[in-house]
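Read the structure below first, then the notes.
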Amino acid sequence: MKKILLVSMLCNVTDLLKRAEPDLNGKTVTYIPTAAIAEEIEGMAEAETRMLEELGLTVDELEVSAASEETVREKLTKNDMIFVGGGNTFFLLQELKRSGADRIIAREAAKGKLYIGESAGAIAACPDIGYSAEMDVPGKAPELTDYTGMGLVDFYVVPHLEHPEMGPAANAIIERYSSELGLKAIDDHQAILIEGDKVSILPE
């Protein structure tokens, strides 16, 4: 059964992760911090690694912009779950496509491996990421010409609702696209949980 958790900020909703996956202790997670590189978010990978370890997980970092295809394939297939962190969605998708990670992630998620997408990692799971240009700078991914996302879900996530900095961009996306796209907006303390065909916004 497909199991996907999409969030704005995982550090705020670790209790919801435990609800999606109660038995985290001793599990392994492939952590992709690539989106943060384009935004030059210092210390984010270290902080998120600590957070995951405190949940009892063994973290196997995979920076897809620098990894070989063999390493990408090995790390995405061998570990129990996949966590794709936040940053610039366009750079993230560029590197997921270039490395072939997008296809492997889609295949693993279809088999039931838990996919956790945070902000950019949540948007990349959608059918297309073009709508997120209100929130991210497409120019940070000069080689990306196809905005087709991984298609793990059939709707479009709008993260960071009511966030002091990114909230206005979230509102702009809703105003511009609500009539043409199936949007699901969440704030920094909510999550979207997909279990098979069931979609829930948590906390309910």
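Data table
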quantity	calculated
Residue, farthest from Lys2 (Cα to Cα), within region 112-147, restricted to residues that are surrounded by fewer than 18 Cβ atoms within 10 Å (Cβ to Cβ) and among the aliphatic types (A, V, I, L, M)	Val137
Pair list, Cβ under 7 Å, 6 or more apart: region 193-204 residue under 15 Å from Ile116 (Cβ atoms), other residue among the hydroxyl-bearing types (Ser, Thr, Tyr)	Leu193/Ser200
Total residues in region 16-42, condition surrounded by fewer than 12 Cβ atoms within 10 Å (Cβ to Cβ) and more than 18 Å from Gly121 (Cβ to Cβ)	5
Positions within region 1-24 being at pLDDT below 95 and not in a helix (DSSP H, G or I), in sequence order	Met1, Lys2, Glu21, Pro22, Asp23
Leading residue by the ranking (nearest to Asp136 (Cα to Cα)) among those in region 69-82 that are in contact (Cβ under 8 Å) with a residue 40 or more places away in the chain and either surrounded by 24 or more Cβ atoms within 10 Å (Cβ to Cβ) or of a type in the set (A, V, I, L, M) (or both)	Ile82
Residues (under 14 Å from the mean Cα position of the chain (by Cα) and part of a loop (DSSP other than H, G, I, E, B)) located in region 65-105	Gly85, Gly86, Gly87, Asn88
Out of Glu175, Glu165, Glu143, sole residue that is at pLDDT below 95 and either part of a strand (DSSP E or B) or of a type outside the set (Val, Ile, Thr) (or both)	Glu165
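The values are calculated or read from the model by the stated rules, or taken from the named source; none is laboratory data. None of the values given here were measured: they were computed from a predicted structure. All Cβ positions, even for glycine, are placed from backbone atoms using ideal geometry, and neighbour counts span all protein chains on display.
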